[in-house]
1. Looking at segment 255-338, which chymotrypsin sites (Phe, Trp or Tyr not before Pro) are in a loop (DSSP not H, G, I, E or B) and have at most 13 other Cβ atoms within 10 Å?
2. Can you tell me how much longer the chain between residue 149 and residue 227 gets when fully stretched, taken as 0.36 nm per residue apart minus their C-alpha distance, in nm with one decimal?
3. Remind me, relative contact order of segment 4-142 in percent, using alpha carbon pairs under 8 angstrom and six or more residues apart?
4. For Cα pairs less than 8 Å apart in space and 6+ apart in sequence, what is the mean separation divided by the residue count of the chain, i.e. the relative contact order in percent?
5. Using alpha-carbon positions, what is the distance between the centroids of segment 183-227 and segment 21-54, in Å?
6. Want the number for residue 263 to residue 217: 0.36 nm per residue separation, take away the alpha-carbon distance, what's left?
7. Along the charge dipole of the chain, Cβ charges K/R +1 and D/E -1, which of 299, 358, 445 sits furthest on the positive end?
8. Mind listing which chymotrypsin sites (Phe, Trp or Tyr not before Pro) in segment 345-403 are in a DSSP loop and have 15 or fewer other Cβ atoms within 10 Å?
Amino acid sequence: MKSNLFENRFDPSDTLTFLKIERGGIAKRDSNKRRFDFKEVYRDATGDDLSQQSGRCLDCGNPYCEWKCPLHNYIPNWLEMVAKGQYQRAAELMHETNPLPEICGRVCPQDRLCEQACTLNTGFGAVTIGAIEKNISDRALANNWRPDLSKVKATGKIVAIVGAGPAGLGCAELLARNGVKPVVFDRYPEIGGLLTFGIPEFKLEKEVLRKRRQFLEDIGVVFKLNTDIGKDVKIESLQKDYDAVFLGMGTYTPNDGDLKGRDTAGVLESLDYLIGNVNHNQAYEMPNYPYTNLKGMQVVVLGGGDTAMDCVRSAVRQQASSVTCVYRRSEADMPGSRQEVQNAKEEGVEFIFNLQPTEIQSTDERLNGVAFKATEPLENAGDEVFLEADNVIIAFGFKASPAKWFEKLGIKQDQWGRVTTLDKPAACNDPSLPYSQRTHTEGVYAGGDMVRGADLVVTAIAEGRQAAREIMAWLDI
Ligand SMILES: Cc1cc2nc3c(=O)[nH]c(=O)nc-3n(C[C@H](O)[C@H](O)[C@H](O)COP(=O)(O)OP(=O)(O)OC[C@H]3O[C@@H](n4cnc5c(N)ncnc54)[C@H](O)[C@@H]3O)c2cc1C
Ligand code: SF4
């Protein structure tokens, strides 16, 4: 089906396109406007942009981008299709390796993954792989595209999936495409895990998740939301009633660094703050996550990862009077996406590096600010520095949050509480899959943050899909 959304006027026969057309198609909204709302930062690319930008691909004999992508997406192949204007074929191919292309296109740190590995990232500007993936998949979903599953035979098998985050959705989609019925349980009222209840709208508008949910339901995925496994439904009943169980439950214990004064009023835990804000914007009712409005406040955010960036940029949008991000090491050491740091700077966030927080200080339980020690290589390393604050947000990352029922089930964990799985089968020679997704309990598989520790959307999807493959092999499908 072709529509005006699929229009194309680009001639892809020119092999030197990368010399004539600069990296582009990633226009942002003006920072002076976007800092006043929670709408997405990046604009949609035009059809011409998509084709021309895809035409920059060199189609390297050994596509490093494809290896660096944890899903091993067929990047050069779908770029060629987009260059030729075959947008729907490209969307179909994208979905063969990635169940959430429009989401990865939005939130993957491409500057550390596919685009970093692009051969043109040597002075010519990498192909804008993420933006193309996002736009092509958005267009396919806007046109109600669905994969042709008419030849798929129902196997009669049914798999319970605990957690509707990227790992659970990755597992569910691949099972559904292979005639296995996935039933996904989540304690939250909407699918997505941290995609919905964590990552703010300016990176990922929630309508994107709603469209993806419709797609997944249309191909046979069943969602049972507002259902906490272990509380509302016993894990033993899933083991009894389903052919296999997949756990994709994430990591939710905040790391507070044992920072002195962290219990002072006005000190916020990053995810509580972000979820409270999403719930407020989206009118989800979750009483455990109260809304905090930082309008007019002097805000200091401690940490330098993706979560810290989401907090500083949310505080800016709530019209905090000042927002300062303090990281204990240098800018080059920051673990999150470089482009999100750049976006935060454009939106008015101040960054201070090489300061290690030592204490949150207060008088009569009223927050004064944060004391720091300067770290090397600063000349004044060891000196004390104090920053005033009305609110402090701690964004030091997350530790594993193993459920009480793991032990009873025989699910083993490492010293940090992450679920451990069996060694990978000898037959599997993919270096990016270092272990199997099967837990030490037969029939129970696990993946995503609860196995890897807090990581990325795309790696959680990859583990969910690998678990689906292993489940199907075990069920002899
Ligand atoms: C604020 C923030 C921003 C981030 N930004 C990015 C980013 O820009 N790019 C990126 O790649 N990664 C980002 N990440 C990391 C990424 O979101 C995670 O790595 C990814 O979501 C992990 O997927 P998952 O499926 O393993 O777990 P989750 O997304 O955490 O999903 C787990 C799901 O399991 C459910 N669950 C848990 N226990 C139960 C139970 N007992 N019963 C029922 N349901 C249960 C939870 O409700 C949740 O929905 C960010 C993380 C945070 C916190
Ligand atoms: S899934 Fe992520 S890493 Fe892979 S091609 Fe897409 S944006 Fe790049």
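The values are calculated or read from the model by the stated rules, or taken from the named source; none is laboratory data. Keep in mind that what you see is a predicted model, and the values were worked out from it rather than measured. Glycine gets a Cβ as well: all are built from the backbone with ideal geometry, and neighbour counts include every protein chain shown. Each accessible area value is taken on the protein alone, full model and side chains, heavy atoms only, with ligands, DNA and RNA left out. Shrake-Rupley method; radii C 1.70, N 1.55, O 1.52, S 1.80 Å.
1. Loop-located and lightly packed - 291.
2. 25.2 nm
3. Once divided by the residue count of segment 4-142, the mean separation gives 29 percent.
4. RCO, the chain: 15 percent.
5. Each part reduced to its Cα centre gives a spacing of 25 Å.
6. Computed gain between residue 263 and residue 217 is 12.3 nm.
7. 445
8. Sparse-neighbourhood loop chymotrypsin sites (Phe, Trp or Tyr not before Pro): none present.
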